[in-house]
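**Student:** Let me begin by handing over the structure; questions about it come next.
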Amino acid sequence: MSKSIWKSHRDALAARLRDAVAVVFAAPEQIRNNDVHHDYRQDSDFFYLTGCEEPECVLVIAPHRAVGDQTALFLRTKDPEREVWDGERIGVDAAPGVLGVDKAFPIAKLAELLPEWLKGARKINHAFGRWPAQDAIVTDAMNAAARIHRRLGHDTPSEWVLPEELLWEQRLIKTPESIDAMRRAAQLAAVGHRRAMAVGRPGVFEYQLQAAMEYEWMVRGSRRTAYSSIVGSGPNACVLHYRDNARQTQAGDLVLIDAGCELEDFASDITRTWPVSGKFTAPQAEIYRLVLAAQKASIAHCRRGHTFQAVHDATVQVLTAGLVELGLLEGTVEACIASEAYKRFYMHRTSHWLGMDVHDVGRYRLSGASRTLEPGMVLTVEPGIYISPRDESVPERYRGIGIRIEDDVLVTTGEPEILSANAPKEIDELEALIGTSTLA
C-alpha cells in the first residue's frame, strides 16, 4: 500500500477526534530468550495509521493544530553502527517524505515535545492499560501540559478516550485497499490448505502438513502466519486450540487445520477438516455434512441489515436439529437450544471480526443489542462439532470426531463474498484432492 493510504487512514481518524489528540505507540520489541528477540510484528493500530514497521516510534495526531502541523512521528535517528547489525532505519529527515507525516522528531525528544502537542486538546486518545511504560510517558506529558499551559488559559487533555471508541470502529469497516489485501491473503491461505490436503496420507506428521502449507505462503509473499497454525489429527481435532502439531497421523483419522497467513499485515483465517486416508467414513461424513449445512446457513446471514447474532443463531439452529436427528441430543430442538444442551458438542461462537488482527477490533454489541452488519465488515463463519473420544454416552462410531469448517466472509451491498472460497470444502472436492502429491 502507498503512503497515501496511510494518510487517508490518519485523516479519517482526525475527523473523528474533534477535540482530542491521538497518541499511538509502535509495538515494543520482545525478548525471546537471553539477548534474542522474537520476530517483530508491528502494532496493528500503529501500522494502520503509518505503514511503518519500525519499533520505538510514536505517532501524534492533533487536528486542532494548524494545517501542515497536525501529525508528528517520533522515531529513531539514523545510526550507521546499529544499522550494520539491525538494518537501515528511515530516520528523522526522511520520515515526512517516506511516510507522509507533517513533522518528524527523534524519539529521544518525545518527553520534551509531547506536552506542546497536547496543548489545545481536551481529550487524549491512547490505549491505556496495554503497556505500562507507554502509559507513564503519556500521563507524564498530560501532567506537564497541564502545569505549563493551563495557567496561560490553554486547554489540555483531562480525560482519555480508548481506541475502541474511534479508531477501532474505523478499522472495522474495511477500505477497498484493505479488502483487496484481505482477499489476496485469503486466496493465498487457500493455496496452503490445498497443498496440505494434497500431501496428506496416513503416517505424515502434523508438523509436516504445517510445513507444506506454510512453505506455500512464504514463497508466494507472506512473511508470517496470522496466528500459530493448528494441525490436529485424530483426537487432537477435538482440542479447540491445539498447538503441539507433533502427532503422526493414522489411517482413518480426520485432520483439522485452522491456519491463515498475513499479507500487508492483514490476516486470513481458514479451517478445513478432511480424512487423511482420502475418504470419509460414513459417521464422519454424517457429522461433516451437518457442520457444512450449518456453515452455509450462517453465511447466508452475512449480509447488510442482518445482525451479528443472527449468524450464530443460524448455526445453533442447524447443528442442534442435526444432533437431535442423529440421536446425540435428546428432546426437542427448541428445548435443546433453550437449555444450551448443544454446547456439549459445540461450545464456541460462530464468528469473530477479521482484519489486521485475526480476532479483529470492533464492538459486537451497540447499546445493548447485537450490531447490524454493514458493507465492508469482514467476519469468520466457523461452526464445529467436537465429540470427545472419551464420551461413552455417544455411539462408538461418533467418538473422537472433531470437525470445524471456517471461511472469511465480506459483507457487501449484495450477496456475501466468501474470500476463502478457493479452499475446497465439499466432500467430493476434498476426496479428489487428498493424497494426490508428495511432501518432497
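The values are calculated or read from the model by the stated rules, or taken from the named source; none is laboratory data. What you see is a predicted model, and the numbers here were worked out from it, not measured in a lab. Cβ placement follows ideal geometry from the backbone for every residue including glycine, while neighbour counts extend to all protein chains displayed.
**Student:** Can you tell which of V84, V67, V58, V21 is aliphatic (A, V, I, L, M) and within 26 Å of the chain's Cα centre (by Cα)?
**Tutor:** V58
**Student:** Somewhere in region 143-156, is a residue hydrophobic (A, V, I, L, M, F, W, C) and under 30 Å from V411 (Cβ atoms)?
**Tutor:** no
**Student:** Inside region 195-223, can you point out the residues that are touching a residue at least 60 places away in the same chain (Cβ under 8 Å) and either within 30 Å of T413 (Cβ to Cβ) or polar (S, T, N, Q) (or both)?
**Tutor:** Correct list: Q208 only.
**Student:** Same structure again: I need every pair where a residue in region 232-249 that is in the same structural domain as R399 (by TED's automatic domain parsing) and under 19 Å from E396 (Cα atoms) has its Cβ under 9 Å from the Cβ of a residue that is assigned to a strand (DSSP E or B) and small (G, A, S), sequence separation at least 6 or different chains.
**Tutor:** That search, which allows pairs on different chains as well, returns G234/G402; P235/G402; N236/G402; A237/G402; C238/G232; C238/G402; V239/G232; V239/G402.
**Student:** While we're looking at this one, here's another question. Out of the residues in region 186-213 that are assigned to a helix (DSSP H, G or I) and β-branched (V, I, T), which is surrounded by the most Cβ atoms within 10 Å (Cβ to Cβ)?
**Tutor:** Restricting attention to region 186-213, the residues satisfying the condition of being assigned to a helix (DSSP H, G or I) are 186-199, 206-213.
In the following step, the residues that additionally are β-branched (V, I, T) were identified as 191, 199.
Working: V191: 17, V199: 19.
Checking each candidate, the answer is V199.
**Student:** Let me ask another. Any residue at all in region 256-278 that is assigned to a loop (DSSP other than H, G, I, E, B), hydroxyl-bearing (S, T, Y), more than 18 Å from the chain's Cα centre (by Cα) and within 27 Å of T315 (Cβ to Cβ)?
**Tutor:** no
**Student:** Residues that are among the charged types (D, E, K, R), outside any helix (DSSP H, G or I), touching a residue at least 40 places away in the same chain (Cβ under 8 Å) and touching a helix residue (DSSP H, G or I) at 6+ places or on another chain (Cβ under 6 Å): does region 380-392 have at least one?
**Tutor:** no
**Student:** Which ranges mark the helices (runs of 4 or more DSSP H) fully within region 1-100 that have 2 or more residues being farther than 17 Å from H126 by Cα and at pLDDT below 95?
**Tutor:** Here the list reads 3-17, 80-86.
**Student:** Now for a different question. Looking at L328, is it aliphatic (A, V, I, L, M), buried (at least 19 other Cβ atoms within 10 Å of the Cβ) and in a loop (DSSP other than H, G, I, E, B)?
**Tutor:** yes
**Student:** Given H312, H301, which one is closer than 20 Å to V411 by Cβ and in contact with a Lys or Arg (Cβ under 7 Å, 6 or more places away or on another chain)?
**Tutor:** H312
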